[in-house]
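Can you keep this structure in mind? I'll have questions shortly.
The values are calculated or read from the model by the stated rules, or taken from the named source; none is laboratory data. Every value quoted in this text rests on a predicted model; they were computed, and no experiment measured them. Using ideal geometry, Cβ is built from the backbone for each residue, glycine included, and neighbour counts are taken over all protein chains shown. The accessibility values were calculated without ligands, DNA or RNA, using every heavy atom of the protein model including side chains. Shrake-Rupley method; radii C 1.70, N 1.55, O 1.52, S 1.80 Å.
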Amino acid sequence: MLGNLHSTAAPLTASATTSASVPGVVETRHLDFFYGNHQVLFDVSLRVVQHEILALIGPSGCGKSTFLRTLNRMNDLVPSARWQGEVLIDGQDIYAPGCDVMALRRKVGMVFQRSNPFPFSIEENVAYGVKINHLARDRQHRAEIVERSLRAAGLWEEVKDRLRHPALALSGGQQQRLCIARALAVEPEILLMDEPASALDPIATARIEELAIELKQRYTIVIVTHNLQQAARISDRTSFFLMGKLMETGATQTLFTKPVRKETEDYITGRFG
Amino acid sequence: MSASASRLGTAREEGRRPRPGSDAVFHWTLRGLALAPLAILIGLGVQLFRASAASRHAFGWGFLTQSAWDPVFGHFGAWPFLFGTLLTTGVGVVIAAPLGVGTAVFLAELAPFWLRAPVGYLVELLAAVPSVVYGLWGIFVLAPWLQQSAEPWLGDHFSGVPLFQGAPYGVGYLAAGLILAVMIVPFVVGLSRQAISAVPAHQREAAYALGSTRWEVIRRVAVPTARSGIWGGILLATGRALGETMAVTMIIGNRPAVSASLFAPGYTLASVIANEFTEATGALYISSLIEIGLVLFAITVVVNLLSRLLLSRIARAGAAA
Ligand SMILES: Nc1ncnc2c1ncn2[C@@H]1O[C@H](COP(=O)(O)OP(=O)(O)OP(=O)(O)O)[C@@H](O)[C@H]1O
Ligand SMILES: [Mg+2]
């Protein structure tokens with residue numbers, strides 16, 4: 001029942017249902033998720049279209065982060081995690097036996113709520129994924145990838161003279177953009193962002209938002225946010241989660257102005273959450 | 001009630017500022033106590049320096065490089081002991097460091113949870129065994145095994161390496177180094193494990209999210225992030241090994257000579273003092289033993305200062321961070 005609700009509410013979703021294997025497409029089908037016996041996601045069916053920004057909103061604890069982390073199998077790291085249903089990336093079931101989790105995580109990059117650079121230099125942070133995945137031919141090539149990634153994250157001009165300096169000496173907003181650069185360096189198709197700006201001041205937040213809109217040209221982005229204005233500013237479509245259920249997905253404009261569900265309306269008008 | 005409240009208020013106000021008189025006494029007493037360790041350290045150094053005057057005048061710096069140790073003719077050189085201390089410590093650390101860091105990685109990252117606490121506890125227990133017990137075990141178990149099996153085997157298979165040439169004695173540098181390794185490994189494990197466990201989960205997640213395997217997360221993120229604690233553990237262990245007396249004295253062989261072979265018996269700074277001080281006759285003999293004490297004191301202080309320096313530099317790099 002919830003599964004077809006979102007497709008009626010969202011024109012973009014309807015168009016997306018036609019092709020299952022467009023690159024950069026994420027799809028979940030009847031996804032249930034449990035921590036031990038505690039069910040956190042209920043029958044979530046959702047589709048993300050190539051080169052769009054999908055915002056996930058909903059009250060705290062409704063399962064947004066959990067949902068996001070099922071898309072690159074970060075939840076595998078939680079021993080009690082169990083799930084049912086399918087998650088397709090580019091048409092491939094990522095929970096099917098034999099799926100290469102490391103390759104999946106390279107393809108589906110992630111930016112966390114708390115910026116988490118390694119305690120290495122700026123350069124080494126960006127080069128980390130390049131090194132472990134052997135993406136560079138030689139040092140020269142690696143330096144190029146580092147530069148390209150830092151440019152893409154809008155950080156190059158600020159750090160080009162101090163690439164060898166410790167990453168943790170950067171400001172909070174710079175650290176978060178460094179984490180974005182680090183994620184971009186392994187050339188993902190999809191970027192998952194879990195409240196990437198929630199710890200930042202308004203100016204740093206604005207930079208991250210601009211960056212997200214820029215990155216949309218090349219990447220598909222799923223972003224969790226508690227900031228409804230932020231969702232409205234940057235996303236093409238928005239999904240509203242409530243207590244582990246996907247209540248509604250729609251074009252952001254529509255969802256914020258004419259939500260289908262009463263619960264969505266209550267949430268966006270601030271009646272709960 | 002309001003009176004008591006206001007009285008409380010005043011008391012608190014006063015507590016903030018030191019009152020002249022008794023508070024000043026308190027202040028200076030504490031400061032004195034804080035400086036006491038420094039005073040003791042300096043006092044110790046000065047005493048050793050003074051009491052070794054006779055030896056220092058007789059032999060000068062040559063004391064450190066001379067190999068003769070001849071109480072009968074009054075020739076004293078500390079080189080065999082210095083050599084023995086450095087060599088046995090070297091063997092101990094070379095074995096204990098990788099073993100300890102490996103164990104720490106295993107305990108912090110790989111071992112099943114039910115195994116971590118008991119194994120960690122057993123490793124800690126190694127540090128609680130009195131060193132004389134290690135000495136006994138060395139004499140009755142380790143030395144015979146080295147002499148009959150391990151040293152002949154090493155001699156056969158690594159005959160090109162000078163360290164492994166010569167007759168297998170059992171007691172000697174190798175035996176002492178091995179005992180030291182066992183004795184200091186808990187310090188390496190303890191500090192390394194603590195440091196590795198303290199690597200924040202969000203940093204590991206970052207590494208996993210970039211496509212790292214578990215092994216890559218350990219090797220390229222967790223261990224490098226924990227490096228200051230790991231070095232701290234290794235240096236602490238080195239300090240321990242340098243000064244360890246009882247177990248080494250029981251197993252080193254007590255021969256004041258220098259040998260390139262690990263199988264040969266030798267002597268260390270700490271052992272020669274422990275063994276010979278009570279029987280030393282003659283001012284120069286005693287003075288020479290005291291100078292050996294001075295050398296040992298200087299080495300351990302320097303190693304500890306170095307470790308501090310290194311740790312604080314890494315800590316500062318992390319904090320600048
Ligand atoms: N590792 C875990 N183990 C057990 N339960 C967990 C774990 N992580 C999250 N949960 C539970 O799952 C539910 C959903 O959590 P989740 O973090 O996905 O919510 P969220 O929507 O991201 O919330 P927030 O907006 O506060 O970040 C919560 O009830 C939470 O307590
Ligand atoms: Mg969350």
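Against the definition (closer than 17 Å to A:Leu54 by Cα, charged (D, E, K, R) and surrounded by fewer than 20 Cβ atoms within 10 Å (Cβ to Cβ)), how does A:Glu189 come out, yes or no?
The answer is yes for A:Glu189.
Oh, and also: Output the number of residues of the stretch B:163-205 satisfying the condition of being at the interface with chain A (Cβ under 10 Å from one of its Cβ atoms) and either at pLDDT 95 or above or in contact with an Asp or Glu (Cβ under 9 Å, 6 or more places away or on another chain) (or both).
Looking only at that region, the number is 0.
Please determine, by comparing only the residues of the stretch A:188-202 that are more than 12 Å from ligand 2 (Cβ to nearest atom) and modelled with pLDDT under 90, which one is farthest from the other protein chains (Cβ to nearest Cβ).
The residue in question is A:Pro202.
Whether any residue in the stretch A:204-216 is open to solvent by less than 40 Å² (accessible area, probe 1.4 Å) and within 16 Å of ligand 1 (Cβ to nearest atom) is what I want to check.
no
Tell me which residues, restricted to the stretch A:116-138, are over 25 Å from the mean Cα position of the chain (by Cα) and in contact (Cβ under 8 Å) with a residue 60 or more places away in the chain.
none
Something else now. Criterion first (closer than 23 Å to B:Phe277 by Cβ, of a type in the set (Gly, Ala, Ser) and either open to solvent by less than 80 Å² (accessible area, probe 1.4 Å) or under 23 Å from the mean Cα position of the chain (by Cα) (or both)) does B:Gly74 satisfy it?
In short, yes.
In addition: Against the conditions (1) more than 9 Å from chain B (Cβ to nearest Cβ); (2) under 26 Å from A:Thr205 (Cβ atoms); (3) touching a strand residue (DSSP E or B) at 6+ places or on another chain (Cβ under 6 Å); (4) away from ligand 1 (no atom under 16 Å from the Cβ), where does A:Asp93 fall short? Just the number, please.
Failed condition: (2).
Mind checking which pairs have a first residue in the stretch A:139-150 that is of a type outside the set (Val, Ile, Thr) and a second that is surrounded by fewer than 18 Cβ atoms within 10 Å (Cβ to Cβ) and modelled with pLDDT under 95, Cβ under 6 Å, 6 or more apart or different chains?
Filtered contacts from the stretch A:139-150: A:Arg142/A:Ala136; A:Leu150/A:Trp156.
Based on this model, can you work out whether A:Leu242 counts as within 16 Å of ligand 2 (Cβ to nearest atom), modelled with pLDDT of 90 or more and in contact with a Gly (Cβ under 7 Å, 6 or more places away or on another chain)?
yes
In the stretch A:59-90, how many are in contact (Cβ under 8 Å) with a residue 60 or more places away in the chain, more than 11 Å from ligand 1 (Cβ to nearest atom) and part of a loop (DSSP other than H, G, I, E, B)?
Adding up the residues that qualify gives 3.
Within the stretch A:74-112, work out how many residues are surrounded by fewer than 18 Cβ atoms within 10 Å (Cβ to Cβ) and within 16 Å of ligand 2 (Cβ to nearest atom).
Going through the stretch A:74-112 one residue at a time, the tally reaches 2.
Turning to a different aspect of this structure: Among (1) open to solvent by 50 Å² or more (accessible area, probe 1.4 Å); (2) modelled with pLDDT of 80 or more, which single condition is B:Arg308 missing?
B:Arg308 satisfies all of (1) open to solvent by 50 Å² or more (accessible area, probe 1.4 Å); (2) modelled with pLDDT of 80 or more except (2).
Do we find that B:Ala167 is touching a residue at least 40 places away in the same chain (Cβ under 8 Å) and closer than 30 Å to B:Ser259 by Cα in this structure?
Spelling it out, B:Ala167 is indeed touching a residue at least 40 places away in the same chain (Cβ under 8 Å) and closer than 30 Å to B:Ser259 by Cα.
Out of B:Ala241, B:Ala247, B:Ala226, report the one residue that is buried (at least 24 other Cβ atoms within 10 Å of the Cβ), within 23 Å of the chain's Cα centre (by Cα) and under 23 Å from A:Leu168 (Cβ atoms).
Within the list B:Ala241, B:Ala247, B:Ala226, the selection yields B:Ala226.
Specify which of the listed residues (A:Ser80, A:Ser65) is at pLDDT 85 or above and within 17 Å of the chain's Cα centre (by Cα).
None of the others qualify; the one that does is A:Ser65.
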